[in-house]
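Reading through the structure tokens given below for one structure.
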Amino acid sequence: MATRFMPEWVLGFTCAYISLRFVNGTIPLQAFTNKYSKSLSEKYADASSKKLIGISQDMLYFLATFESSNHMAIVESYMFNSLNFTQRGKKRKIKTLFGSALDAQKQATTHQTSIRRFKNFVFQLRADIRYNAPQGWNLREEQGIEWLQDIYEQNIRPIDGF
């Protein structure tokens, strides 16, 4: 059986969501990565907590390097664009006739590739506000990603960090 890896957009989206929940909450980052890793590992071989926490931390470190009135709006915009558009700017189709954008890939996305994609997006967003998430955008209203939403909406407790 071939090893199956997380699609690049799912990895970046998940790490951005982890960062968002961490900043807006009071639970350790490790608790989110451990809990999400356990569920994502059922489908993807590279969904380790170590990989998720490393990328999430680097996203947060990068955001801390510049002034912004709302760093989490940047993260939400990244999530919106990752979910709805391919890297080439075309509308992402989650479910297609022959598969899904959530299907595992044959090649793993590296930590560096994921961070580079996030940084590139941030620079694009700062240069062009059309990349902002629409006012009032809510992940729960997105269609076709119910499997991911179920993972993200799990109850996370501080003890999950151990």
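Laboratory data are not the source of any read-out in this text; all were calculated from the coordinates shown. From a predicted model like this one, the values you see are computed outputs, not experimental measurements. Here the Cβ positions follow ideal geometry from the backbone for every residue, glycine too, while neighbour counts run over all protein chains shown.
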Inset, instruction - Show the residues, 5+ positions off or on another chain, whose built amide H is closer than 5 Å to the amide H of residue 85. - result: 92
Legend entry - Relative exposure of 32, 123, judged by other C-beta atoms within 10 Å (fewest first): 123, 32
Inset, instruction - Give the long-range amide H neighbours of residue 105: residues separated by 5 or more places, or on another chain, with amide H under 5 Å away, using H modelled in the peptide plane at 1.01 Å from N. - result: 5, 6
Inset, instruction - Taking log10 I(q)/I(0) by the Debye sum over Cα atoms at q = 0.11, 0.14, 0.18 Å⁻¹ as the quantity of interest, determine which of (i) -0.51, -0.76, -1.09; (ii) -0.42, -0.69, -1.20; (iii) -0.56, -0.83, -1.14 was computed from the displayed structure. - result: (ii)
Inset, instruction - Could you work out the relative contact order of segment 31-162, using alpha carbon pairs under 8 angstrom and six or more residues apart, expressed as a whole percent? - result: 39
Legend entry - HN-Hα J in Hz across segment 10-23 - Karplus 6.51, -1.76, 1.60, θ = phi - 60°, x for Gly and Pro: 5, 4, x, 4, 5, 5, 5, 5, 4, 4, 4, 5, 4, 5
Inset, instruction - In whole Hz, with x marking every Gly and Pro, tabulate ³J(HN,Hα) for segment 28-42 from phi via Karplus 6.51 cos²θ - 1.76 cosθ + 1.60, θ = phi - 60°. - result: x, 4, 4, 5, 5, 5, 5, 5, 5, 4, 4, 6, 5, 5, 5
Inset, instruction - Return 67, 142 ranked ascending by Cβ neighbour count within 10 Å, so the fewest neighbours appear first. - result: 67, 142
